[in-house]
Every structure is written in structure tokens, then in C-alpha cells.
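Working notes, structure below.
The values are calculated or read from the model by the stated rules, or taken from the named source; none is laboratory data. Every value quoted in this text rests on a predicted model; they were computed, and no experiment measured them. When we count neighbours, we look across all protein chains shown, and the Cβ atoms used for this are built from the backbone with ideal geometry, even at glycine. These area figures cover heavy atoms from the full protein model, side chains too; ligands, DNA and RNA do not enter into them. Shrake-Rupley method; radii C 1.70, N 1.55, O 1.52, S 1.80 Å.
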Amino acid sequence: MTRKITLIKGDGIGPEVVSATCRVLEAAGLEFDWDEQVAGGKAFESGIDSGVPEVTIASIKDTKVALKGPLATPIGYGQRSANVTLRGLFETYANIRPAIQLPNVKSFFQEEALDLVVVRENVEDLYTGIEYMQTKDVALTLKLVSRKGCEDIVRAAFEYARSAGRKKIHCATKANIMKKTEGLLKSTFEEIASEYSDIETDHILIDNCAHQMAINPKQFDVILCSNMNGDIISDLSSGLVGGLGVAPACNLGREYAIFEAVHGTAPDIAGQDLANPSSMILTAVMMCRHLGYFREADAIEQALKVTLASGCLTGDLTPSDKAVTTSVFTDTLISNLGRTMPEYVERAYQPFVMPKLQSRLATSTDLATVNGVDIYVESNVSLDDLVQSMRSLSEVVDLDLHGIYNRGTKVYPADISLTEYIHHWQCRFSPKSGLSSISDDDIREVLRAIESVEKLSWMHIEKILDV
Ligand code: ATP
């Protein structure tokens, strides 16, 4: 039976590179039943705010797999990018971006062929869109990291590493600063690592990781990151191996998989038969492996390498007087199917199933005890006046003033603070001595007390579990 796949050609150079890719797949003997759908530019223009029509969503629900060109987010239409909408809708929580050196593709590391993969958490962290103006002068974005999200991405990284015959995973975090959020990824990684004793593991701070990628990227095999860090590091890794025209990617979830090239719509070269289809073709190669067509995937990847090695290059890789068109590149690749490059042997890929969440780590439903509360207050009074107000109101409620912070720096109690204050104060309360928890009534009481003080206005509260 022919495998049905949702096909979204996309915008800009999308239709050219996707059509080239479909020709290559067919020439390699793969006959997919393409269910062609629209998303991005055309959808926004027809008034669909999300950029993804219902019928496209229904198609992916049915096929479970989509091959997708780049999508435009026209300025003035819609709320968020159609790409982000699709990732969230189908809970494709793992973004996988290999950065592999290809023949004749120039990079700083030409002498030492690079071959690494960035596995990036794709739905949480700073990308949930939970963002506010907390006062008219203070903006806040929430970095949301769940135990479930960490376990999902950690297991995906280990399973992917195994399936691609990779030997080592670096978990790259900023756990020294963001001890809770980035720390949760690190501790989940360390806990789950014991189940994958065949894979070597290490932790590296993300800033050092960036530095090491610039001076010695050969040391990396798989790098696992949270969403924001992975966004940056994966672009860096694409840059290391020669840029957007050759970088593939996929978004995997437990049930759905969306395969998309890393590059955007490249409007400057759209419709001119100039685009490099390699990124899209390598993306389709990832899709083939995901679907179990390992032989065909290897054949296409080898033919692509033979083509590049022969000097058949598009304008992004060679001066325009020597460059070939998208069509010529694709024809040449097709004629090279069956040829191999022994010095660029493909890995022994194996089937890869997105892991099920283990109940052992599933989020507990027990309600946690609240033993602190941060009340964020907007006020232009002096620190001394604020301390006095907070201390006097803590005398009439069942809470102690634990401390006051301004942009994260503890300014009370503090021996010295040279902080330049903004009118956004984090006032932390703990239970009165002898008590171990804070009730909702306690919080309501302290809020009412704050409301009664002139020039103080609370704008946000945060219950905390570990003061
Ligand atoms: P978008 O707004 O969709 O992200 P963009 O032009 O800002 O589009 P990209 O499409 O990622 O960003 O491309 C940046 C530049 O890289 C383009 O101007 C184009 O010249 C080049 N480029 C990207 N992809 C390719 C490709 N497949 N082949 C050749 N050049 C490419």
C-alpha cells in the first residue's frame, strides 16, 4: 500500500525545492500518496489567523506525517507563525537538526568533517508565548519547563542517538544560573542516562558549549538543549557546516512528525530556479528513515553527495557564473542515484519509535505545600518606605517579610546594594515562625493589607514551594 503523506509546498522557494524533492523520492523508487495541503502565506491571506487551515490539520491528523516547505508569516496577518502553530498543535516536542559536512560545501572546518546533531526541546521553555507587560515599564516572559517536557525530550535524544548509531550525548544547559528550569533538564537527563548505558553522557554549560563549538566542534556527537538554547546552538551548527541551503530538520512527537527544511522562504531568489534543494532533500531523507525506507534514504543521500562532490553546485555554494539551477541540480542528482561515495558512508540507521512517558517520572498529582509567596509590587516609594510598609503589614498577617528583591538582587535585608532600582519589587513572605505553610487565606489577607497602603499596587503573585 502506498504511504499517504501530507505535503505542504509552502511559500517563496518552497514549491521549487519541494517539487525537486518529490522528483528525487520518486526516482529513488518511493511512490508516496501525497495529500497536498496549504499553510502559511496563502492561508493567512485567506483570513485564517493561525496560518493553518482546518483541512490541513485534518490531513496531518490522518497521515501522521507531513513534508513541509518554508512558510511565510506575512506582517500584519495572523498572530504567530504557522510553523510554531503546527509544532504546538501536533505536540512535536523534539526538533532534530543534524549538521553534517557535505563535499564541496565550504565551512571553517573543511579539514575535519563535522557530523553532529542538535536535539532541541520544541514546545516549552521561553517559546510558550506566556509573556506580559507586568507594569507599563516592565515586560516579563515565562520560562516554563515541566518534568514531562524534560523526560520527553531526554528520552527522544537517547532513542534518536541509538537509532542513528551515535555514541555520546552532551546535555547543554544553563543550570548554574537557572537552577530550577535548566536544572530540571539536567537532573532528568542524569536520571534517565542510567537506562541507556550504551550511550556516553556528559553535561556542559551552554555558553561553554557555544565556545567549544567554535574551537573544537569535532568533540560533539549529539547535543541536547532546551528550546531557546537549542534554537541558537542549532543555527550555529548549521553555520559550521555551510549554511541554510544544506541543513535538514524534523519535528517529532509521539504520534506526529513534521519534516521541514531549516531555511525560510528566501523571497530574494523565489521563483527563479536558483534555490538549493539539498536542505529539503536531506529533510526528506530524514522522513524516509523515520518511515523505515533506510535503503532509499541512503541511496538519495549518497547521490546528493556524489552530485556535490562533482562540483554541481547552486548559487549559494559557488559563484553565480559557475552555479547550476535548481532543476539542473535535481536532474544531476537523479542521474547519480545508484552511485556511492565510499568516503562518506551512511550511518547504520535503525527504526526509531518516540518513547512513551514512563509513569515513574510522571508529574505527581499531590498538591504541594506552599511555604513562601512572592508578591510583586509596583511602587515609586523609596526602598526604606517600602520596607517599613511591608514590615508593618506583616505584623498584622500570619506572614513574615523574608526579603525584598529588585530585578533579582536582594535589597532587603542587605548589607550593601548598589542596585539601580526600578519600580518593580519582589516582596517575599514566609510563614510566621512555628508555622510551616502558607494558606490561600494568608495570601488574600496580605494582598488586602497591601491594597490598603497608598502608593503600593500588587500586580502578580507567585506561590513558592521552597523558600
Ligand atoms: P523568511 O522570512 O521566510 O525566514 P528570509 O529570507 O528572511 O526568509 P531565509 O529564507 O532563511 O530567510 O534565507 C536567508 C537567505 O539565505 C536568503 O536570502 C537566501 O539568499 C539564502 N537561502 C536560504 N535558503 C536557501 C536555499 N535553499 N538555497 C539558496 N539560498 C538560500
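One residue alone among Leu274, Leu224 is out of contact with any Ser or Thr (no Cβ under 6 Å at 6 or more places or on another chain), at pLDDT 95 or above and more than 22 Å from Tyr93 (Cβ to Cβ), and that residue is Leu274. Within the range 352-370, can one find any residue that is open to solvent by 100 Å² or more (accessible area, probe 1.4 Å), within 30 Å of Leu114 (Cβ to Cβ) and modelled with pLDDT under 85? Checking the range 352-370: at least one residue is open to solvent by 100 Å² or more (accessible area, probe 1.4 Å), within 30 Å of Leu114 (Cβ to Cβ) and modelled with pLDDT under 85.
The strands (runs of 3 or more DSSP E) found entirely in the range 345-452 that carry 1 or more residues being β-branched (Val, Ile, Thr) are 372-378, 399-406, 409-412. When restricted to residues that are at pLDDT 95 or above and outside any loop (DSSP other than H, G, I, E, B), the range 19-53 contains 14. Looking only at the range 277-331, which residues are open to solvent by 50 Å² or more (accessible area, probe 1.4 Å) and in a loop (DSSP other than H, G, I, E, B)? Tyr293, Ser310, Asp316, Pro319, Ser320, Asp321, Lys322, listed by residue number. Summed over the range 28-56, residues that are touching a Leu at 6+ places or on another chain (Cβ under 7 Å) and open to solvent by 50 Å² or more (accessible area, probe 1.4 Å) total 2.
When restricted to residues that are under 14 Å from the mean Cα position of the chain (by Cα) and of a type in the set (Val, Ile, Thr), the range 121-158 contains 5. Of the residues making up the range 114-123, one or more are modelled with pLDDT under 90 and of a type outside the set (Ser, Thr, Tyr). Could you tell me whether Asp62 is of a type in the set (Asp, Glu) and either at pLDDT 90 or above or closer than 22 Å to Arg254 by Cα (or both)? So Asp62 fits the description; yes. Restricted to the range 165-276, the set of helices (runs of 4 or more DSSP H) holding at least 3 residues that are surrounded by fewer than 20 Cβ atoms within 10 Å (Cβ to Cβ) and either within 16 Å of the ligand (Cβ to nearest atom) or of a type in the set (Gly, Ala, Ser) (or both) comprises 181-193, 227-240. Answer yes if at least one residue in the range 280-291 is of a type in the set (Gly, Ala, Ser) and near the ligand (Cβ under 9 Å from one of its atoms), and no otherwise. So far as the range 280-291 goes, no, none of its residues is of a type in the set (Gly, Ala, Ser) and near the ligand (Cβ under 9 Å from one of its atoms). Residue count for the range 301-320 under the criterion of being of a type outside the set (A, V, I, L, M) and within 16 Å of the ligand (Cβ to nearest atom): the result is 8.
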